[in-house]
1. For region 10-24, how many residues are open to solvent by 60 Å² or more (accessible area, probe 1.4 Å) and more than 15 Å from Ala62 (Cβ to Cβ)?
2. Being in contact with a Leu (Cβ under 7 Å, 6 or more places away or on another chain) and small (Gly, Ala, Ser) is the filter here; which residues of region 1-46 pass it?
3. Before we move on, is Asp76 modelled with pLDDT under 50, closer than 22 Å to Lys8 by Cβ, under 21 Å from the mean Cα position of the chain (by Cα) and of a type in the set (Asp, Glu)?
4. Between residues in region 17-46 that are farther than 20 Å from Asp64 by Cβ and residues that are assigned to a helix (DSSP H, G or I) and open to solvent by less than 60 Å² (accessible area, probe 1.4 Å), which pairs lie under 6 Å by C-beta distance while being six or more apart or on different chains?
5. Counting only residues that are under 20 Å from the mean Cα position of the chain (by Cα) and open to solvent by 80 Å² or more (accessible area, probe 1.4 Å), how many does region 28-47 have?
Amino acid sequence: MGLLDNMKAKLSPAKDKVSGLAQQHGEKIERGLDKAAKVVDEKTKGKYSKKIHTGTGKAKDAMDRLAQKEDTGPADTGPGTGLSGDSGTPPASPPPTSPPSASPPPSSPPPASPPPAS
């Protein structure tokens, strides 16, 4: 069993508990996110409104996915994973288009020669 498997096994009970809490208190969490976003937006005088709104939306989406995990089965087929055919959140990064090449990285150019002595 690898390190990642060990970590997943140890964190599984905590993840289940957080999922249950997200289901129970989802509305309170969303209100808290909105309230925090409003305070930050006021403190920054609207300068970062778009970023704050985007971040708040992503936090709410993540909370919703976590809360729905128990209802929809394994996390790998839940909303936002792209495996169930839904139109959830896209993956964090696209898959690699090709395997890394076996060629060594390009070498750096030789250092410049010192100026001639006078």
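1. 6
2. Ser19, Ala22
3. So Asp76 fits the description; yes.
4. Listed by first residue and then by second, the contacts come to Val40/Ile52; Asp41/Ser49; Asp41/Ile52.
5. Adding up the residues that qualify gives 0.
The values are calculated or read from the model by the stated rules, or taken from the named source; none is laboratory data. Owing to the predicted nature of the structure, the values given are computational and were not obtained by experimental measurement. Neighbour counts are summed over all protein chains in view; Cβ atoms, including those assigned to glycine, are modelled from backbone coordinates with ideal geometry. Surface areas here come from the heavy atoms of the whole protein model, side chains and all, with no ligands, DNA or RNA. Shrake-Rupley method; radii C 1.70, N 1.55, O 1.52, S 1.80 Å.
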